[in-house]
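Data first, discussion second: the structure below is written as structure tokens.
The values are calculated or read from the model by the stated rules, or taken from the named source; none is laboratory data. It should be emphasised that the depicted structure is a prediction, and the values quoted were computed from it without experimental measurement. All Cβ positions, glycine included, derive from the backbone under ideal geometry; neighbour counts span all protein chains shown. Accessible surface areas use protein heavy atoms only, side chains included; no ligands, DNA or RNA. Shrake-Rupley method; radii C 1.70, N 1.55, O 1.52, S 1.80 Å.
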Protein chains: 2
Amino acid sequence: MRIAVLAGGVGGAKFLLGVKRYLGRPAFGPAPADEHLITAIVNTADDIRLHNLQICPDLDSCMYTLSGVSDRQRGWGRADETWTVSGELAGYDAEAPWFSLGDRDIATHLVRTRMLDAGYRLSDVTDALCRRWQPGLTLLPMTDDRVETHVVVEDPAAAPDADRPAGTPGPLVALHFQEWWIRYQAKLPALSISPIGAEESTPAPGVLDAIAEADLVLIAPSNPVVSVGPILAVPGIADALRATAAPVVGVSPIIGAAPVRGHADKCLEAVGVPVSAQGVGRHYGARSDGGVLDAFLIAPDDRATVPGVTVAGQPLLMTDPEHTAEMVAACVQVVGRG
Amino acid sequence: MRIAVLAGGVGGAKFLLGVKRYLGRPAFGPAPADEHLITAIVNTADDIRLHNLQICPDLDSCMYTLSGVSDRQRGWGRADETWTVSGELAGYDAEAPWFSLGDRDIATHLVRTRMLDAGYRLSDVTDALCRRWQPGLTLLPMTDDRVETHVVVEDPAAAPDADRPAGTPGPLVALHFQEWWIRYQAKLPALSISPIGAEESTPAPGVLDAIAEADLVLIAPSNPVVSVGPILAVPGIADALRATAAPVVGVSPIIGAAPVRGHADKCLEAVGVPVSAQGVGRHYGARSDGGVLDAFLIAPDDRATVPGVTVAGQPLLMTDPEHTAEMVAACVQVVGRG
């Protein structure tokens with residue numbers, strides 16, 4: 001069976017563990033020789049260059065998690081991580097002290113940045129890094145081009161202006177997604193969230209083929225706005241989802257009225273989407289109606305009506321790869337491919 | 001008193017501790033407000049870019065040692081150093097596993113490289129780094145231009161050629177100094193040692209003024225070929241030494257027939273200079289005769305005749321800053337400036 005998965009970082013990585021288990025593979029580590037093919041198409045709009053290091057949080061979360069070297073407690077980065085370099089960078093008053101960079105992780109960024117600066121494509125680099133880590137599936141960046149999510153907010157550094165009438169917005173500023181998400185914990189109301197550069201980007205090699213040749217396409221329960229949104233914004237990918245012979249099944253990242261993890265609620269509000277499974281389902285929309293979904297998995301206690309989309313209930317907490325594999329089984333079942 | 005010092009890395013740094021002590025300053029840490037001015041003009045031809053990081057071993061040895069954060073046992077790098085990033089880089093089979101890069105040290109290289117890539121000059125960057133470290137003197141790179149010592153050797157990776165007559169050299173290769181020095185421990189016979197780029201380089205801002213305005217110029221007991229040699233190869237610096245009103249005093253890095261530390265013997269042999277205090281003294285030569293020295297300090301048991309140069313004996317082991325200060329005092333005394 002060939003499964004293509006659109007995925008973000010931490011949640012996407014956990015979901016991919018379940019996809020591996022569903023196909024009978026070990027959750028962590030390399031794939032045995034079998035007839036299955038899993039391709040993860042991963043968001044890169046969270047990527048950021050700090051200290052001249054090109055950092056790809058979502059790709060690395062997938063790579064580390066799937067190979068079994070991630071910190072499962074913290075949810076991101078390497079296990080047994082140390083923070084010596086970061087401490088020294090802070091000693092130099094270097095940029096972005098709010099962005100944690102572990103020592104083990106920094107080696108990945110050094111290797112990646114060196115290869116990128118030497119002219120390799122991000123997809124080549126990811127492949128090279130995965131030769132060490134053996135995530136047990138094909139990890140593809142959504143694009144080799146630079147796409148960066150920027151969030152427009154009222155400038156938190158702007159001087160107060162006593163003459164500004166109440167309710168009038170102050171001067172605006174566009175922040176890199178990571179600054180908004182980590183430094184400001186998504187607490188600054190977002191006036192817009194845009195994957196800058198997406199319009200001019202092209203899918204990375206292998207992305208469109210993976211979707212076209214899949215038996216099943218899954219959209220992981222990742223952030224619909226800043227993880228899945230940028231992937232769908234790469235010209236050609238949404239069209240490929242609409243054109244593939246495979247059914248496309250999404251999984252809701254919202255249970256009740258809250259995201260399972262992170263600040264997806266703040267992101268959905270910013271783009272005017274209700275914070276509910278139904279809101280996300282309708283945001284993705286039916287394949288038959290210009291959207292991308294055939295079916296949508298929601299939590300058992302939720303209700304959602306999405307025109308043209310089959311909705312099914314299933315426990316959605318990815319507490320371990322076995323439970324997550326059951327979510328994947330439910331995705332297969334709802335489109336009758338089991 | 002204004003003292004300018006030409007210096008390499010570990011030995012140069014130790015010598016500078018003695019210069020600080022000679023002037024009554026604390027050996028380690030910032031300078032109190034006083035009438036003295038010490039300028040260290042430091043070799044940069046050992047610099048190497050690895051993993052896209054611009055590494056300046058001699059500048060950093062001086063910076064760390066003078067500020068008191070170096071590892072005094074090992075002689076280079078930071079105290080309390082850890083090696084997590086290096087271990088991970090080796091896990092990626094990244095370049096140059098023979099070059100040790102500590103985690104604390106890497107932060108310095110990240111900050112430096114970012115500033116250089118942003119267009120700052122190495123002298124600006126060094127000044128910025130020293131604002132954190134407060135070495136207690138002015139630390140200048142010899143040049144802001146790229147100069148790299150390359151060593152020509154018989155290619156150690158060349159396939160053996162049974163048809164080559166005995167005694168005929170095999171194919172030659174130019175190695176970066178660090179590869180020859182660290183990877184091969186200077187054991188590959190050097191056919192030539194050249195500071196590539198020196199001819200087109202210019203002295204960093206402040207270098208010529210420091211020499212012209214000095215009351216005393218000292219040449220630290222650093223490697224004459226690969227530390228002091230490149231400094232003198234920067235057009236303008238040797239001329240400034242010949243033109244300054246200050247006396248120029250060198251200190252022998254050779255005691256008996258061996259360097260105090262490192263592989264200076266191998267370097268001297270490569271350029272045809274006898275491995276002795278006299279050999280080094282004559283290599284530098286008299287200011288009155290196209291060389292750079294007025295006086296030369298050698299170990300008490302050594303003998304040297306250098307035409308046009310006053311030679312004096314003095315214990316030269318830099319066991320601690322107090323003993324090293326006595327060496328500096330002897331330099332002052334030999335030229336009658338005490």
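When restricted to residues that are open to solvent by 40 Å² or more (accessible area, probe 1.4 Å) and either more than 23 Å from the chain's Cα centre (by Cα) or hydrophobic (A, V, I, L, M, F, W, C) (or both), the stretch A:298-313 contains 8.
Within the stretch B:30-83, restricting attention to residues that are open to solvent by less than 30 Å² (accessible area, probe 1.4 Å) and β-branched (V, I, T), the residue that is farthest from B:A107 (Cα to Cα) is B:I38. Filtering the stretch B:253-265 to residues that are part of a strand (DSSP E or B) and either free of Cβ contacts under 8 Å to residues at least 40 places away in the same chain or surrounded by 20 or more Cβ atoms within 10 Å (Cβ to Cβ) (or both) leaves B:I254, B:A258, B:P259. Kindly provide the set of residues from the stretch B:226-236 that are buried (at least 24 other Cβ atoms within 10 Å of the Cβ) and either of a type in the set (A, V, I, L, M) or in contact with a Lys or Arg (Cβ under 9 Å, 6 or more places away or on another chain) (or both), ordered by number. Matches in the stretch B:226-236: B:V226, B:V228, B:I231, B:V234. Would you say A:L208 is open to solvent by 60 Å² or more (accessible area, probe 1.4 Å), aliphatic (A, V, I, L, M) and over 17 Å from A:G290 (Cα atoms)? Taking the combined requirement at face value, the residue satisfies it. Look at (1) modelled with pLDDT under 95; (2) among the charged types (D, E, K, R); (3) crowded, with 18+ Cβ neighbours inside 10 Å and you find that B:D103 fails only one, number (1). Mind listing whichever residues of the stretch B:161-187 are among the polar types (S, T, N, Q) and either touching a residue at least 40 places away in the same chain (Cβ under 8 Å) or not in a loop (DSSP other than H, G, I, E, B) (or both)? Those that are among the polar types (S, T, N, Q) and either touching a residue at least 40 places away in the same chain (Cβ under 8 Å) or not in a loop (DSSP other than H, G, I, E, B) (or both): B:Q178, B:Q185. Screening B:H176 against (1) crowded, with 16+ Cβ neighbours inside 10 Å; (2) under 24 Å from B:P30 (Cα atoms) leaves a single unmet condition, (2).
The residues in the stretch A:119-130 that are part of a helix (DSSP H, G or I) and more than 8 Å from every other protein chain (Cβ to nearest Cβ) can be counted, and the count is 8.
Matching residues to (1) surrounded by fewer than 20 Cβ atoms within 10 Å (Cβ to Cβ); (2) in the same structural domain as A:I237 (by TED's automatic domain parsing); (3) farther than 21 Å from A:D265 by Cα; (4) touching a strand residue (DSSP E or B) at 6+ places or on another chain (Cβ under 8 Å):
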residue	(1), (2), (3), (4)
A:A277	no, yes, no, yes
A:Y284	no, yes, no, yes
A:F296	no, yes, no, yes
A:P315	yes, yes, no, no
A:H323	yes, yes, yes, no
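Can you name the residue in the stretch A:76-93 that is modelled with pLDDT of 95 or more and of a type in the set (A, V, I, L, M, F, W, C) and is also farthest from A:A128 (Cα to Cα) among such residues? If we take residues in the stretch A:76-93 being modelled with pLDDT of 95 or more and of a type in the set (A, V, I, L, M, F, W, C), then A:A90 is farthest from A:A128 (Cα to Cα). For the stretch B:136-160, residues that are out of contact with any helix residue (DSSP H, G or I) (no Cβ under 6 Å at 6 or more places or on another chain) and part of a loop (DSSP other than H, G, I, E, B) total 9.
Conditions tested, residue by residue: (1) under 19 Å from B:V217 (Cα atoms); (2) assigned to a helix (DSSP H, G or I); (3) among the hydrophobic types (A, V, I, L, M, F, W, C).
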residue	(1), (2), (3)
B:L241	yes, yes, yes
B:V249	yes, no, yes
B:C267	no, yes, yes
B:V275	no, no, yes
B:G279	no, yes, no
B:D302	no, no, no
B:V306	yes, no, yes
B:P315	no, no, no
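Taken together, the residues in the stretch B:1-29 that are of a type outside the set (A, V, I, L, M), touching a residue at least 60 places away in the same chain (Cβ under 8 Å), out of contact with any Pro (no Cβ under 7 Å at 6 or more places or on another chain) and open to solvent by 10 Å² or more (accessible area, probe 1.4 Å) amount to 5.
Condition (residue is within 14 Å of chain B (Cβ to nearest Cβ) and out of contact with any strand residue (DSSP E or B) (no Cβ under 8 Å at 6 or more places or on another chain)) applied to the stretch A:140-148: is it met by at least one residue? No, the stretch A:140-148 contains no residue that is within 14 Å of chain B (Cβ to nearest Cβ) and out of contact with any strand residue (DSSP E or B) (no Cβ under 8 Å at 6 or more places or on another chain). Is it the case, given these coordinates, that A:D124 is at pLDDT 95 or above and under 19 Å from the mean Cα position of the chain (by Cα)? In short, no. As for the stretch B:131-141, it holds at least one residue that is free of Cβ contacts under 8 Å to residues at least 24 places away in the same chain, charged (D, E, K, R) and more than 23 Å from A:R114 (Cα to Cα).
Given the options A:A246, A:A240, A:A214, A:A220, name the one that is crowded, with 20+ Cβ neighbours inside 10 Å, in contact with a helix residue (DSSP H, G or I) (Cβ under 6 Å, 6 or more places away or on another chain) and more than 20 Å from A:K14 (Cα to Cα). When all the criteria are applied, what remains is A:A240.
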